[in-house]
Amino acid sequence: MSEMILVLDFGGQYNQLIARRVRENNVYCEVHTGLSIEKIRALNPSGIILTGGPQSVYAADSLLPPEEIFSLNVPILGICYGAQAMAKILGGEVKPAQVSEYGKTEVEILRASKLFVNVEQNSVAWMSHTDRIFSVPENFLVTASTANCPVAAMENPEKNFYAVQFHPEVIHTVKGKKIFSNFVDICGCKRDWRMSSFVADSVAKLKTKIGNGKVLCALSGGVDSSVAAVLLSRAVGKNLTCVFVDHGLLRKNEAAEVEAAFSNYDLNFVKIDAGERFLSKLRGVTEPERKRKIIGEEFIRVFEEVAKKIGAVDYLVQGTIYPDVIESGLGKSAVIKSHHNVGGLPDFVDFKEIVEPLRLLFKDEVRQAGRELDLPENLVSRQPFPGPGLGIRIIGEVTAEKVKIVQDADAIYREEIFKAGVDKNLSQYFAALTNMRSVGVMGDGRTYDFAIALRAVQTDDFMTAEAAQLPWDVLSRAANRIVNEVKGVNRVLYDCTTKPPATIEFE
Ligand code: XMP
């Protein structure tokens with residue numbers, strides 16, 4: 001096992017970003033909650049980071065790290081609540097701030113610090129706190145301050161204890177990445193962790209955990225479930241059965257591509273053609289959330305039927321990745337669309353435990369892991385595709401005819417974008433079928449056909465997105481080909497709305 005930095009999680013919303021920032025420095029990092037000192041010792045971390053969190057350290061029921069971590073002789077970095085926890089445990093004082101700070105804030109570095117090497121004296125950091133440190137523990141120095149927070153950072157350089165009130169993990173903290181890199185140096189890490197080590201470690205851990213147990217995986221053909229499946233296949237080989245439910249709402253040729261890719265791995269691959277079944281459930285249904293629910297539920301029903309035939313298994317694999325964990329509502333954010341890739345667990349599959357080998361990774365890290373596992377590039381670099389598939393790219397009722405239209409139009413659009421080489425600048429691009437028919441003229445005759453909408457967006461996090469300014473010649477070539485080659489379409493529109501107010505998908 002390579003060296004690792006341990007993140008003790010106190011419930012802050014940016015906590016997984018901390019893990020990512022550490023891994024960007026080629027140091028392995030794990031996030032844990034409520035670990036005992038024995039467990040922490042057993043993990044033998046090179047450094048510990050205490051995260052932010054919504055509590056107040058002076059509240060009677062506040063969660064604090066075991067005090068003994070401060071005697072382990074490893075560097076510790078406290079962030080926000082973690083900084084206050086460090087102050088409290090070591091004898092400083094934390095109280096409500098007169099003025100709470102939220103957002104981008106000017107920070108002044110007050111003295112040389114190993115944590116702030118190559119960080120300018122005046123810099124911008126992301127603040128989000130209502131308590132603050134009023135007095136620092138013995139042998140601590142104040143190393144940074146803001147207008148409303150005199151102790152924006154403190155440290156005990158002899159012991160290598162560091163604390164920052166701001167959030168270096170958030171991109172708005174201009175030198176945040178540098179601060180993590182400095183902490184990694186303080187921890188004396190060799191920076192030798194690579195995604196290949198993640199793959200090797202995960203395979204070893206899965207082998208130990210699962211032994212000769214039976215494992216079942218629902219494959220969607222997307223990056224996440226595919227990477228999770230091949231990881232498991234490395235660990236347990238033929239003890240893994242992957243069930244690929246083709247709901248008939250995949251992109252053109254996608255089902256065949258997935259089948260071909262998985263024929264190269266040691267696992268039992270079961271493909272179910274359930275297109276007809278989904279279409280019949282969707283007949284007459286036009287309301288978007290109902291369509292999503294039907295597709296999600298039917299997916300589970302089909303999966304359950306296959307699972308029943310397979311019989312009892314020990315583990316069920318889920319390709320959950322970190323952003324799924326956030327989006328599906330750790331916080332109190334409103335449900336905009338119900339995603340069907342998490343939460344919808346089959347009720348009747350006989351299994352003992354769920355394994356989620358990618359739960360800690362971000363999307364680009366999952367893709368990297370997929371490359372390490374020799375998955376074909378077309379699968380690994382695949383753009384996001386929603387679980388309900390083309391069902392939510394066909395506005396209104398889904399029919400076999402409409403699925404064919406949108407598949408063909410989408411294939412042409414993707415081909416033109418790829419040929420023009422503009423795909424690399426796009427986060428997601430696809431064709432959708434509007435529920436609108438309009439009048440056109442073809443040859444000498446009047447037509448009354450569907451309009452296809454083309455969409456291409458650029459985004460970092462898929463929570464907000466810009467409509468891409470595609471070159472006109474690419475758009476017009478795609479439009480021409482679509483109206484000429486796809487029967488039933490006489491008009492092509494380009495969607496130039498941002499998200500918000502629109503969403504990326506149409507339903
Ligand atoms: P929206 O349409 O909400 O989409 O702006 C944001 C991102 O999420 C994808 N998406 C889904 N992914 N299951 C998924 O796995 C779903 O039900 C689902 N709905 C939307 C969408 O493609 C975009 O990348």
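The values are calculated or read from the model by the stated rules, or taken from the named source; none is laboratory data. Treat the numbers as computed from the prediction; the structure is a model and nothing was measured. We place every Cβ from the backbone using ideal geometry, glycine too, and count neighbours over all the protein chains shown.
Residues in region 68-101 that are under 15 Å from residue 158 (Cβ atoms) and not aliphatic (A, V, I, L, M): 70, 71, 73, 75.
Here residue 52 meets each of (1) assigned to a loop (DSSP other than H, G, I, E, B); (2) touching a residue at least 12 places away in the same chain (Cβ under 8 Å); (3) more than 22 Å from residue 145 (Cα to Cα) with one exception, condition (3). Being surrounded by 15 or more Cβ atoms within 10 Å (Cβ to Cβ), modelled with pLDDT under 80 and among the hydroxyl-bearing types (Ser, Thr, Tyr): is that true of residue 333 here? No.
In region 369-382, which residues are part of a loop (DSSP other than H, G, I, E, B) and in contact with a Ser or Thr (Cβ under 7 Å, 6 or more places away or on another chain)? If the condition is that a residue be part of a loop (DSSP other than H, G, I, E, B) and in contact with a Ser or Thr (Cβ under 7 Å, 6 or more places away or on another chain), then 375 is the only one that fits.
For region 394-410, filtering for residues that are out of contact with any Lys or Arg (no Cβ under 9 Å at 6 or more places or on another chain) and assigned to a loop (DSSP other than H, G, I, E, B) leaves 1.
Of the set (1) surrounded by fewer than 19 Cβ atoms within 10 Å (Cβ to Cβ); (2) away from the ligand (no atom under 14 Å from the Cβ); (3) closer than 30 Å to residue 454 by Cα; (4) not assigned by TED's automatic domain parsing to the domain that holds residue 490, all apply to residue 370 but (1). The set of residues in region 155-169 being surrounded by 19 or more Cβ atoms within 10 Å (Cβ to Cβ) and in a loop (DSSP other than H, G, I, E, B) consists of 160, 165, 166, 167, 168, 169. Annotation note: of 97, 147, 112, the sole residue that is surrounded by fewer than 16 Cβ atoms within 10 Å (Cβ to Cβ), more than 30 Å from residue 3 (Cβ to Cβ) and more than 30 Å from the chain's Cα centre (by Cα) is 147. Only one of the listed residues (375, 390, 316) is within 23 Å of residue 291 (Cα to Cα) and either at pLDDT 90 or above or not assigned by TED's automatic domain parsing to the domain that holds residue 222 (or both). That residue is 390. Figure legend. Inter-residue proximity from region 484-507: first residues within 20 Å of residue 471 (Cβ to Cβ), second residues of a type outside the set (Val, Ile, Thr) and more than 16 Å from the ligand (Cβ to nearest atom), beta-carbon distance below 6 Å, spacing 6+ or different chains. Indicated pairs: 492/479; 493/451; 494/475. Number of residues in region 3-46 that are hydroxyl-bearing (Ser, Thr, Tyr) and in a helix (DSSP H, G or I) equals 0. Give the residues of region 490-507 that are assigned to a loop (DSSP other than H, G, I, E, B) and in contact with a helix residue (DSSP H, G or I) (Cβ under 8 Å, 6 or more places away or on another chain), sorted by residue number. Hits for region 490-507 are 505, 506, 507.
Among residues of region 206-228 being in a loop (DSSP other than H, G, I, E, B) and within 20 Å of residue 366 (Cα to Cα), the one that is farthest from the ligand (Cβ to nearest atom) is 221. Condition test on residue 350, is it modelled with pLDDT of 70 or more and either surrounded by fewer than 19 Cβ atoms within 10 Å (Cβ to Cβ) or polar (S, T, N, Q) (or both)? It is true that residue 350 is modelled with pLDDT of 70 or more and either surrounded by fewer than 19 Cβ atoms within 10 Å (Cβ to Cβ) or polar (S, T, N, Q) (or both).
Rundown of residues vs (1) over 26 Å from residue 394 (Cα atoms); (2) part of a helix (DSSP H, G or I), yes/no style:
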| position | (1), (2) |
| --- | --- |
| 235 | yes, yes |
| 245 | no, no |
| 252 | no, no |
| 257 | no, yes |
| 266 | yes, no |
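Within region 451-507, the residues that satisfy the criterion of being under 29 Å from residue 400 (Cα atoms) and basic (Lys, Arg) are 455, 477, 481, 487, 491.
Among the residues of region 457-493, those identified as of a type outside the set (A, V, I, L, M, F, W, C) and crowded, with 16+ Cβ neighbours inside 10 Å are 459, 477, 481, 488, 490, 491.
Being closer than 12 Å to residue 428 by Cβ, at pLDDT below 95 and either among the small types (Gly, Ala, Ser) or out of contact with any helix residue (DSSP H, G or I) (no Cβ under 7 Å at 6 or more places or on another chain) (or both) is a condition met by no residue of region 467-489. Among the residues of region 112-128, is there at least one that is farther than 23 Å from residue 184 by Cα and either among the hydroxyl-bearing types (Ser, Thr, Tyr) or at pLDDT below 95 (or both)? Yes, region 112-128 contains at least one residue that is farther than 23 Å from residue 184 by Cα and either among the hydroxyl-bearing types (Ser, Thr, Tyr) or at pLDDT below 95 (or both).
Okay, residues lined up against (1) under 25 Å from residue 113 (Cβ atoms); (2) among the aliphatic types (A, V, I, L, M):
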site	(1), (2)
29	yes, no
36	no, no
59	no, yes
65	yes, no
82	yes, no
87	yes, yes
90	yes, yes
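Within region 375-388, the residues that satisfy the criterion of being away from the ligand (no atom under 16 Å from the Cβ) and touching a residue at least 24 places away in the same chain (Cβ under 8 Å) are 375, 376, 378, 380.
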